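Chemist: Here's a structure for you.
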Amino acid sequence: MYDELTEIDIKKMKDEIEYRTMTLRPKLIEDVQVARSFGDLSENFEYKSAKREKNRNDSRVRYLERMIKTAKVITDRSGTDTVGLFDKVELYLEDDDETQKIELVTTLRQNSLKGLISKESPVGQAVMGRRAGDRVLVDLGPNSYYVVIRSIEKGSDDESLDISAY
């Protein structure tokens, strides 16, 4: 299985790997060595904590490297009047009688609390490639619902959207 990512996603991951290996890792190794010098390791909370932080950093680096290795690079090929990647979309939720604004992003940048919805999520899949005025089904099995696309504001891939922690 591969993740569909943009060139900017990959650049951001490489930048994070460089920071974590060149800057953060030496500091964390030093923290482990300092904590080890405090004595008895079986009751040394500082040592266990420093070791845990070092291991988290190493795990994150491995995760990012694996993502880059298995990534499929994509670009937005949507038309000027259809929903595509990085577009801001205003949706009307019929069941709730309210509107919601979302921005379609890659899985790596999703954050539903900020309205950044993955193109691979049920909502993202439902609206991708559709036009303003279309009524589409968001398929959630027995809890499916309809939304109407009210407007589309074309967007572009930029570096302002952070990549998610995991």
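Chemist: Within region 74-139, considering only strands (runs of 3 or more DSSP E) that don't extend past its boundaries, which have at least 2 residues that are among the basic types (Lys, Arg), surrounded by 14 or more Cβ atoms within 10 Å (Cβ to Cβ) and not assigned by TED's automatic domain parsing to the domain that holds Ile8?
Modeler: Output list is empty.
Chemist: Which residue is modelled with the highest pLDDT, if the candidates are limited to region 1-52 and must be in contact with a Lys or Arg (Cβ under 6 Å, 6 or more places away or on another chain) and under 26 Å from Leu108 (Cβ atoms)?
Modeler: First pass over region 1-52, keeping only residues in contact with a Lys or Arg (Cβ under 6 Å, 6 or more places away or on another chain): 2, 4, 28, 32, 47.
Still in the list and also under 26 Å from Leu108 (Cβ atoms): 2, 4, 28.
Working: Tyr2: 74, Glu4: 88, Leu28: 95.
Here the answer is Leu28.
Chemist: Something else now. Look through region 12-38, keep the residues that are out of contact with any strand residue (DSSP E or B) (no Cβ under 9 Å at 6 or more places or on another chain) and touching a residue at least 60 places away in the same chain (Cβ under 8 Å), and return whichever of them is surrounded by the most Cβ atoms within 10 Å (Cβ to Cβ).
Modeler: Lys12
Chemist: Consider Ala71 carefully, then state whether it is within 30 Å of Val127 (Cα to Cα) and in contact with a helix residue (DSSP H, G or I) (Cβ under 9 Å, 6 or more places away or on another chain).
Modeler: In short, yes.
Chemist: Where in region 1-71 are the helices (runs of 4 or more DSSP H), entirely inside, with at least 3 residues that are under 19 Å from the mean Cα position of the chain (by Cα)? So that I can check it myself, show each step before the final result.
Modeler: On the way: elements: 7-19, 25-36, 45-70.
In region 1-71, the matching helices (runs of 4 or more DSSP H) lie at 7-19, 45-70.
Chemist: I'd like to check something: does region 75-91 contain any residue that is farther than 23 Å from Leu24 by Cβ, free of Cβ contacts under 8 Å to residues at least 60 places away in the same chain and of a type in the set (A, V, I, L, M)?
Modeler: Yes, region 75-91 contains a residue that is farther than 23 Å from Leu24 by Cβ, free of Cβ contacts under 8 Å to residues at least 60 places away in the same chain and of a type in the set (A, V, I, L, M).
The values are calculated or read from the model by the stated rules, or taken from the named source; none is laboratory data. Given the structure is predicted, the values throughout are model-derived calculations rather than measurements. Quick reminder, even Gly has a Cβ in these numbers, built from the backbone with ideal geometry, and neighbours come from all protein chains shown.
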